[in-house]
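A.B. asks: One structure, as structure tokens, below. Some questions next.
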């Protein structure tokens, strides 16, 4: 299985080098379908979209690459490059404190590493408690300290779970409406690659807050979320 | 010197005497007054729009006359206040009056309520006046009759039939056949469910021949009406009062005819205007505009360089309710900085209606090179000419920005060439990232973490639960003790007697008897008399043997007794 994935990745790279960006993208999409969730995969898919001129989709994948690895400097560079070429000079979507912490923690260690660390410390705690109970007496402060440390590490792991509420316009133009139906009043027009923070959704409509505080309903078919839901 | 002083003193004394007598007589007269208040009218039968005078008089010095509410009448002039004091042959009289000039609002017989005066808390009332108002009544004097029809007033409306929300311009026009001064509106039409606004305009007058007579035509007021409910607008009356210059028929010393200004009133009813409802259902995006409109979007260019700007105008023009509508906002196009718009308007209120335009003028500055779309716009209004709703669609337009704006801006900040700084010609994305792709291993972080938390909690709970430890059985302990004692005796251990004594005591204590109670009756109650004796004997011999040497035979006897007793303990 892993060999097949490695082979598929090599094929995609060869296709990309040959300028067959669409085929390369399809190969990478197969990897994504095979549950590969590596930052480098999303970075490469973003590259394919850039070469195909689909800047909105490219932004989605560069943002996704950074969600899974905030230290991916190549993805950050490519995203900055892309933003310079996007037509809407919108302020970046608002970032909550929890988002900032999540990125900071993932920048230190991957989520799973935080989890394994927490489990290890909790396992030590359990052993200490058992020894204290059934073996020779032990000062309670030792297991208490490891308990706190383990829970703190678990909390860090939970916060660092990749999540993103950012949505990106992948259509050439997307009208924002005051109400979630096409006959509502049009309040804003955004170009491809514009991003906003998803507040809620209603059927086929996304209620999105732009970086400058404006809110509007957009057709969900024209927008793509960086992550469809918080994933481990 | 003394004579000169006496003369003025005598004169002053005379004056004081005269004033005192006058005041006394006046006071006496005032006391003699009957204290009544009287109402009178110049005519009790008057024509419609014929001014007449109402006077309230009293001889009471105190207080002031309070006029009644003149229901069904309009005060054309007044109030006028006056008072006079007369002394005839030593008899002083006082009179105070309050007068008004009135005109009736409609035909009929009306009663003017009494005027009142308050004297030290006591209210005195005048008589009431009954006034009959009829049209076509001959006026009271020739001058008043001459003033009649000296001017007339008309109301002109821009339309006879409008829709709800459609504006109607109402013009007040006066036609003067004689010189008239001090014209003023004493009653203006008042409408329900109609937004009425007085318009600023320049009064104009011109000479025209009306009904074969030369007349001055004066447009003196203009109002805008916007009905907000269907129905009929009409019946309301406008009344104008003015002073007409009327010849008296006499001439002055130089033979010039003498004239007099006589108050007169003219009235006009607003012509009926039918207000029709807007058809239902209204479109959801109906802007509220009613009339005949055109929406225009103008771009001064569709192709420009990066350092140029673009002017975009959105204009509503035509006729209709401009006062209550606004120009649709521009949906900000991508790729441009959009500045706050400038607002322009030119609206004319004429007998033909409200015409003109309203306009928003935007300045757009391009941010990037490329093709950009000015988004499409829709605006829905009700066309009063076709009687239907119309939606104006302004389609998308494409703007071409030719030179790269960013490059143009960067040029000004580039360092001089001789500094030889490294300049990026153009940036590009970074290449693909390599590495083995592996499927995501789902560690089930949440579930396993929950399991660890629960286990830790359980381990903590265990710390507080008292678990009874399972130790060796009583028989095993007894056997171990016995072995220990026999081993000590077999090996000739010096402490063998102490070991035996301890073993016996420990065995007794395991039965629940305290060390202190071994010498008491408690031991006897548990083991019986015979065994208690044997136990005490054994213990005493062990104690003695610790301090005094005993024979080998006694030692063997002690060991034998121990073995026999131990089984019964």
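A.B. asks: Report, by residue number, each residue of segment B:453-492 that is at pLDDT 85 or above, within 14 Å of another protein chain (Cβ to nearest Cβ) and over 56 Å from the mean Cα position of the chain (by Cα).
C.D. replies: B:455, B:456, B:458, B:459, B:460, B:461, B:462, B:463, B:464, listed by residue number.
A.B. asks: Just for segment B:369-395: of the residues that are farther than 30 Å from residue B:162 by Cα and surrounded by 13 or more Cβ atoms within 10 Å (Cβ to Cβ), which one is nearest to the other protein chains (Cβ to nearest Cβ)? Working first, answer last.
C.D. replies: First, the residues of segment B:369-395 that are farther than 30 Å from residue B:162 by Cα: B:369-376, B:395.
Next, only the ones that are surrounded by 13 or more Cβ atoms within 10 Å (Cβ to Cβ) stay: B:369-370, B:372-376.
Numbers: B:369: 10, B:370: 7, B:372: 7, B:373: 6, B:374: 9, B:375: 4, B:376: 9 Å.
The extreme case among them is B:375.
A.B. asks: Another question about this same structure. When you scan segment A:49-118 for helices (runs of 4 or more DSSP H) that lie fully inside it, which ones turn up with 3 or more residues that are within 13 Å of chain B (Cβ to nearest Cβ) and modelled with pLDDT of 90 or more? Lay out the reasoning, then the answer.
C.D. replies: Values: elements: A:55-68, A:73-85, A:97-108.
So the answer is A:55-68, A:73-85.
A.B. asks: Mind counting the residues in segment B:82-108 that are closer than 28 Å to residue B:47 by Cα, in a strand (DSSP E or B) and in contact (Cβ under 8 Å) with a residue 24 or more places away in the chain?
C.D. replies: Going residue by residue through segment B:82-108, those that are closer than 28 Å to residue B:47 by Cα are B:82, B:97-108.
Right, trim to in a strand (DSSP E or B) and you get B:82, B:97-104, B:108.
Restricting the remaining residues to those that are in contact (Cβ under 8 Å) with a residue 24 or more places away in the chain gives B:97-104, B:108.
Looking only at that region, the number is 9.
A.B. asks: Just to check your reading of the model, which residue among B:534, B:517, B:503 is more than 22 Å from residue B:491 (Cα to Cα) and in contact with a helix residue (DSSP H, G or I) (Cβ under 6 Å, 6 or more places away or on another chain)?
C.D. replies: Working: B:517 fails: in contact with a helix residue (DSSP H, G or I) (Cβ under 6 Å, 6 or more places away or on another chain); B:503 fails: more than 22 Å from residue B:491 (Cα to Cα).
Within the list B:534, B:517, B:503, the selection yields B:534.
A.B. asks: How many residues, within segment A:124-139, are free of Cβ contacts under 8 Å to residues at least 12 places away in the same chain and within 7 Å of chain B (Cβ to nearest Cβ)? Before you say what the answer is, go through the steps one by one.
C.D. replies: First, pick out the residues of segment A:124-139 that are free of Cβ contacts under 8 Å to residues at least 12 places away in the same chain: A:126-127, A:130-139.
From what is left, the residues that are within 7 Å of chain B (Cβ to nearest Cβ) are A:126, A:130, A:132-133.
Count: 4.
A.B. asks: Any residue in segment B:267-289 that is more than 26 Å from residue B:192 (Cβ to Cβ) and in contact with a helix residue (DSSP H, G or I) (Cβ under 6 Å, 6 or more places away or on another chain)?
C.D. replies: The answer is no; no qualifying residue exists.
A.B. asks: Say we look at segment B:318-350 and pick out the residues that are crowded, with 17+ Cβ neighbours inside 10 Å and over 25 Å from residue A:212 (Cα atoms); which of these is farthest from the other protein chains (Cβ to nearest Cβ)?
C.D. replies: B:349
A.B. asks: Oh, and also: The conditions are (1) at positive phi; (2) in a loop (DSSP other than H, G, I, E, B), and residue B:279 fails exactly one of them. Which is it?
C.D. replies: (1)
A.B. asks: Going through segment A:1-20 one residue at a time, which ones are away from every other protein chain (no Cβ under 11 Å) and closer than 14 Å to residue B:437 by Cβ?
C.D. replies: Of everything in segment A:1-20, just one residue is away from every other protein chain (no Cβ under 11 Å) and closer than 14 Å to residue B:437 by Cβ, namely A:11.
A.B. asks: Might you let me know whether segment A:140-153 holds any residue that is at pLDDT 90 or above, loosely packed, with under 13 Cβ neighbours inside 10 Å, assigned to a helix (DSSP H, G or I) and away from chain B (no Cβ under 13 Å)?
C.D. replies: Within segment A:140-153 (the criterion being at pLDDT 90 or above, loosely packed, with under 13 Cβ neighbours inside 10 Å, assigned to a helix (DSSP H, G or I) and away from chain B (no Cβ under 13 Å)), the answer is no, since none of the residues qualifies.
A.B. asks: Report whether or not residue A:31 is at pLDDT below 90, within 11 Å of another protein chain (Cβ to nearest Cβ) and surrounded by 14 or more Cβ atoms within 10 Å (Cβ to Cβ). Step through it out loud before you land on a result.
C.D. replies: Details: at pLDDT below 90: no; within 11 Å of another protein chain (Cβ to nearest Cβ): yes; surrounded by 14 or more Cβ atoms within 10 Å (Cβ to Cβ): yes.
No, not satisfied.
A.B. asks: Can you tell me how many residues within segment B:156-206 are assigned to a strand (DSSP E or B) and on the phi < 0 side of the Ramachandran plot? Break it down stepwise before answering.
C.D. replies: Within segment B:156-206, the subset assigned to a strand (DSSP E or B) is B:156-157, B:161-163, B:168-176, B:180-187, B:194-198, B:204-206.
Narrowing further to those that are on the phi < 0 side of the Ramachandran plot: B:156-157, B:161-163, B:168-176, B:180-181, B:183-187, B:194-198, B:204-206.
Of the residues in segment B:156-206, 29 are assigned to a strand (DSSP E or B) and on the phi < 0 side of the Ramachandran plot.
A.B. asks: Out of all the residues in segment B:548-562, which are in a helix (DSSP H, G or I) and surrounded by 13 or more Cβ atoms within 10 Å (Cβ to Cβ)? So that I can check it myself, show each step before the final result.
C.D. replies: At the first step, the residues of segment B:548-562 found to be in a helix (DSSP H, G or I) are B:552-562.
Answer for segment B:548-562, where residues must be in a helix (DSSP H, G or I) and surrounded by 13 or more Cβ atoms within 10 Å (Cβ to Cβ): B:554, B:555, B:557, B:558, B:559, B:561, B:562.
A.B. asks: Quick check on my filter: what residues within segment A:157-172 are more than 9 Å from every other protein chain (Cβ to nearest Cβ), within 16 Å of residue A:55 (Cα to Cα) and surrounded by fewer than 20 Cβ atoms within 10 Å (Cβ to Cβ)? Give the derivation first.
C.D. replies: Residues of segment A:157-172 that are more than 9 Å from every other protein chain (Cβ to nearest Cβ), as a first pass: A:159-160, A:162-171.
Next, from what is left, pick out any that are within 16 Å of residue A:55 (Cα to Cα): A:166-171.
Selection gives A:171 alone.
A.B. asks: Right, residue B:149: part of a strand (DSSP E or B) and surrounded by fewer than 15 Cβ atoms within 10 Å (Cβ to Cβ) or not?
C.D. replies: No; evaluated as a whole, the condition is false for this residue.
A.B. asks: Name the residues in segment A:173-190 that are more than 8 Å from every other protein chain (Cβ to nearest Cβ) and either within 22 Å of residue B:372 (Cα to Cα) or in a strand (DSSP E or B) (or both), would you?
C.D. replies: Residues satisfying the conditions are A:174, A:176, A:177.
A.B. asks: Enumerate the strands (runs of 3 or more DSSP E) found wholly within segment B:321-381, keeping only those where 3 or more residues are closer than 26 Å to residue B:282 by Cβ.
C.D. replies: Numbers: elements: B:336-338, B:342-350, B:353-366, B:370-374.
Output list reads B:353-366.
A.B. asks: Given the criterion in contact with a helix residue (DSSP H, G or I) (Cβ under 8 Å, 6 or more places away or on another chain) and either surrounded by 15 or more Cβ atoms within 10 Å (Cβ to Cβ) or in contact (Cβ under 8 Å) with a residue 24 or more places away in the chain (or both), identify the matching residue among A:210, A:227. Before you say what the answer is, go through the steps one by one.
C.D. replies: Working: A:210 fails: in contact with a helix residue (DSSP H, G or I) (Cβ under 8 Å, 6 or more places away or on another chain).
Exactly one of A:210, A:227 is in contact with a helix residue (DSSP H, G or I) (Cβ under 8 Å, 6 or more places away or on another chain) and either surrounded by 15 or more Cβ atoms within 10 Å (Cβ to Cβ) or in contact (Cβ under 8 Å) with a residue 24 or more places away in the chain (or both), namely A:227.
A.B. asks: Can you tell me which condition residue A:23 does not meet? The list is (1) in contact with a helix residue (DSSP H, G or I) (Cβ under 6 Å, 6 or more places away or on another chain); (2) away from every other protein chain (no Cβ under 12 Å); (3) within 17 Å of residue A:164 (Cβ to Cβ), and all the others hold.
C.D. replies: (3)
A.B. asks: Is it the case, given these coordinates, that residue B:446 is closer than 30 Å to residue A:190 by Cβ and either at pLDDT 85 or above or more than 8 Å from chain A (Cβ to nearest Cβ) (or both)? Step through it out loud before you land on a result.
C.D. replies: Numbers: closer than 30 Å to residue A:190 by Cβ: no; either at pLDDT 85 or above or more than 8 Å from chain A (Cβ to nearest Cβ) (or both): yes.
No.
A.B. asks: Could I ask something else about it? Does residue A:204 meet the test of being under 17 Å from residue A:59 (Cα atoms) and either crowded, with 21+ Cβ neighbours inside 10 Å or over 18 Å from the mean Cα position of the chain (by Cα) (or both)?
C.D. replies: Spelling it out, it is not the case that residue A:204 is under 17 Å from residue A:59 (Cα atoms) and either crowded, with 21+ Cβ neighbours inside 10 Å or over 18 Å from the mean Cα position of the chain (by Cα) (or both).
A.B. asks: Quick one: residue A:133 ticks every box in (1) loosely packed, with under 15 Cβ neighbours inside 10 Å; (2) under 30 Å from residue B:448 (Cα atoms); (3) at pLDDT below 90 except a single one, so which number is it?
C.D. replies: So residue A:133 meets the others, but not (1).
The values are calculated or read from the model by the stated rules, or taken from the named source; none is laboratory data. Predicted model only: the values in this text are computed from it and were never measured. Ideal geometry is used to build each Cβ from the backbone, glycine not excepted, and the neighbour counts take in all protein chains shown.
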